[in-house]
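Visitor: Quick one: this structure, given as structure tokens, is what I'll be asking you about.
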Amino acid sequence: MKKVLGIMLLLIVSLVLVGCGRVTATGLGTVTFELFDSNDVLVKSVDVDFYEGDTLLGLLQDNFTVYCPTESGDASTACDYAPTYGIFLMGLDDIEAFDSSKEYLAFYINNAYAETGVDGAAIVDGYVYTFKHVLR
């Protein structure tokens with residue numbers, strides 16, 4: 001009798017742990033990152049699950065090579081300098097906008113031009129965050 005109860009308890013605990021694992025594995029939601037080149041051609045689209053404590057910049061760094069400006073204006077993957085209007089990107093993967101007088105990466109949230117840097121944008125389930133290489 002004790003063996004049967006022990007086995008039943010083990011099965012119940014196992015099922016509860018498996019069920020909890022499914023809940024935490026899905027995260028809080030999913031966002032999409034899109035990257036367009038200067039010809040408005042989609043270069044990369046990535047759906048990303050996000051979790052408590054994630055940041056938009058962190059999710060980008062997990063899925064792209066991200067270049068941000070340093071205080072002197074050079075490109076760096078550290079992204080540790082925050083200009084007055086927030087962190088902006090100089091490049092994602094092979095799309096680089098290092099010459100700010102001739103090009104930049106435009107940032108859109110759900111097809112609307114973003115009014116904040118990537119460090120100030122909220123992560124919202126189902127949102128699409130788009131970066132377009134723009135030549136002036």
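The values are calculated or read from the model by the stated rules, or taken from the named source; none is laboratory data. This is a predicted model, so every value here is computed, not measured. Cβ: placed from backbone, ideal geometry, glycine included. Neighbour counts: every protein chain shown. What goes into the accessible areas is simple: the full protein's heavy atoms, side chains included, and nothing from ligands, DNA or RNA. Shrake-Rupley method; radii C 1.70, N 1.55, O 1.52, S 1.80 Å.
Visitor: Could you list, in sequence order, all residues of the range 26-81 that are assigned to a loop (DSSP other than H, G, I, E, B), open to solvent by less than 70 Å² (accessible area, probe 1.4 Å) and touching a residue at least 12 places away in the same chain (Cβ under 8 Å)?
Guide: Those that are assigned to a loop (DSSP other than H, G, I, E, B), open to solvent by less than 70 Å² (accessible area, probe 1.4 Å) and touching a residue at least 12 places away in the same chain (Cβ under 8 Å): Gly27, Asp37, Ser38, Asp54, Phe64, Thr65, Gly73, Cys79.
Visitor: Being of a type outside the set (A, V, I, L, M) and touching a Lys or Arg at 6+ places or on another chain (Cβ under 9 Å) is the filter here, so list the residues in the range 55-97 that pass it.
Guide: Residues of the range 55-97 that are of a type outside the set (A, V, I, L, M), as a first pass: 55, 58, 61-65, 67-74, 76-77, 79-81, 83-86, 88, 91, 93-94, 96.
Within the range 55-97, Asn63, Phe64, Asp93 meet the criteria.
Visitor: Out of the range 89-113, which residues are surrounded by fewer than 12 Cβ atoms within 10 Å (Cβ to Cβ) and assigned to a strand (DSSP E or B)?
Guide: Scanning the range 89-113 gives Ala112, Tyr113.
Listed here are the residues, each with its yes/no results for (1) within 21 Å of Gly29 (Cα to Cα); (2) part of a strand (DSSP E or B); (3) open to solvent by less than 40 Å² (accessible area, probe 1.4 Å); (4) hydrophobic (A, V, I, L, M, F, W, C).
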position	(1), (2), (3), (4)
Pro83	no, no, yes, no
Ile87	no, no, yes, yes
Glu115	no, no, no, no
Ala121	yes, no, yes, yes
Gly126	yes, no, no, no
Lys132	no, yes, no, no
